[in-house]
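Read the structure below first, then the notes.
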Amino acid sequence: IADATAQALHARASAKRLALLATRGTCRSGFFSRRLAVQGFEIVVPDEDVQVYIDQAIAAIKRADHVAATIAAEAAGAALEAQGLTDLLLACTELPMAFAATRYRAHCLDSTLALAKACVAFSRSDHQR
């Protein structure tokens, strides 16, 4: 997933510095940070205040409360923007839904979607024949 994400970031000509929006466990693991650093990207793990908004957005999607999810996602996006972080790596399956109706949507890269596209591209290639 990290390799597919790096490929998508390179294809987008995105900024090299991104905020990692994910569960606390994913952030603590360093998985994305280490794998993307090798590809030339700097991954910034949000501070506690922003992580609380991310946690709220994830929880709201899980309970199908899209309004609360959007509000929490907007708050996270605004706080990150104030810190100079405008490119957002969504590394949790709930977060693309939370950010879908926000003003930050265009600044997001969905790591799950990047993986899905890489899988489709691979399946269409000669690698399977």
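Quick rundown of the values:
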| quantity | calculated |
| --- | --- |
| Relative pair counts by distance (%), Cα atoms of the stretch 15-129, 10 Å bins | 15, 45, 29, 10, 2 |
| Rounded if a/c under 1.5, otherwise prolate or oblate - the stretch 27-84, Cα gyration tensor axes | prolate |
| Solvent-accessible area per residue, Å², over the chain with all protein chains present [probe radius 1.4 Å] | 53 |
| Distance in nm between pseudo-label sites at ALA100 and LEU113 (7 Å out along the Cβ direction from Cα) | 1.1 |
| Hz values of 3J(HN,Hα) by residue in the stretch 53-60 - Karplus curve (6.51, -1.76, 1.60), Gly and Pro given as x | 4, 5, 4, 5, 5, 4, 4, 5 |
| Inter-label distance, nm, simple model (7 Å from Cα along the C-beta direction), GLU81/ARG17 | 1.8 |
| Simple Cβ-charge dipole of the chain, Lys/Arg +1 and Asp/Glu -1, about Cα centre, in debye nearest 20 | 480 |
| Virtual spin-label span in nm between ASP126 and ALA59, 7 Å along Cα→Cβ | 5.3 |
| Heavy-atom accessible area order for TYR53, TYR104, largest first, 1.4 Å probe | TYR53, TYR104 |
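The values are calculated or read from the model by the stated rules, or taken from the named source; none is laboratory data. Just so you know, these numbers come straight off a predicted model, no measurement behind them. Because the Cβ atoms are built from the backbone with ideal geometry, glycine has one as well, and the counts that use them run over all protein chains shown. SASA here: full protein model, heavy atoms, side chains in, ligands and nucleic acids out. Shrake-Rupley method; radii C 1.70, N 1.55, O 1.52, S 1.80 Å.
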